[in-house]
Amino acid sequence: MAEGLRERKKRETRQRIADVAMGLFLQRGFDNVTVAEVARAADVSVNTVFNYFRTKEDLFLDRGEESEDMLARAVRERRAGETAVEAVRRDFFEALDAGDWRYGMSEGLDLFTQRVRESLALQSRVRMLDVNREDRLARTLAEETDADPDDLTPVWWRRRSAPPSAR
């Protein structure tokens, strides 16, 4: 179904706010930019910003939902006969070849990473995104393998692959 005018306008407004915010964040630092400044620069109200983004961190990480689902999606949409590992590997190399942002291989990543390192709030939010991404992958692996609800193997795999500080 084609996107209607209202949906297109909402998508464009959201994208404009996110683009303006990212420009300000990269230029001045996340903690040095207020939501009011983002709203003013995007020519919207502060309420409008919060209609599209729950938190300032979500404004910086505007692709968080997509990021959280990327590994699970690669597994769900894998080709016939393709293992989960092969699907994620293929998705990784396709993103790498295209210079896609999904795996952190796009232009400008160094400044983006620097801004995250400068902000405890962003570091915390990125960790939460990582945990959510792993949980979605574990749930998808459980669903795809018809694991019993009491089977901890998918969750064990996630915990096992996590760095010691995250366990």
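The values are calculated or read from the model by the stated rules, or taken from the named source; none is laboratory data. All of these numbers come straight from a predicted model, not from anything done at the bench. Backbone-built Cβ (ideal geometry, glycine too); neighbour counts: all protein chains shown. Just the protein is used for accessible areas: all its heavy atoms, side chains included, with ligands, DNA and RNA removed. Shrake-Rupley method; radii C 1.70, N 1.55, O 1.52, S 1.80 Å.
Assorted remarks:
- Every helix of 4 or more DSSP H residues in the chain counts as -39500 (n - 2.57), and over all residues that averages to -22000 deg cm²/dmol at 222 nm.
- With contacts taken as Cα pairs under 8 Å and at least 6 residues apart, the chain reaches a relative contact order of 21 percent.
- In this rough spin-label picture, where each label sits 7 Å from Cα along the Cβ direction, the ARG14-GLU77 distance is 1.7 nm.
- For region 1-55, the gyration tensor built on C-alpha atoms gives a prolate shape. Its axis ratio a/c (a ≥ b ≥ c) is at least 1.5, and a/b is the larger of a/b and b/c.
- In this simple spin-label model, placing a label point 7 Å from the Cα along the Cα-to-Cβ direction at both GLU7 and ARG28 gives a separation of 3.6 nm.
- Among the trypsin sites (Lys or Arg not before Pro) within region 1-62, those in coil by DSSP and having at most 12 neighbouring Cβ atoms inside 10 Å are ARG54.
- Heavy-atom accessible area, probed at 1.4 angstrom with all protein chains present, ranks SER119, SER106, SER124 as SER124, SER106, SER119, highest first.
- TRP101 versus ASP58: modelled label distance in nm, points set 7 Å from Cα along the beta carbon direction: 1.7 nm
- Between ASN47 and VAL85, full extension at 0.36 nm per residue minus the direct alpha carbon distance yields a gain of 9.4 nm.
- Near-label residues of region 84-101 by backbone N, under 16 Å of a point 7 Å along Cα→Cβ of ALA147: 84-85
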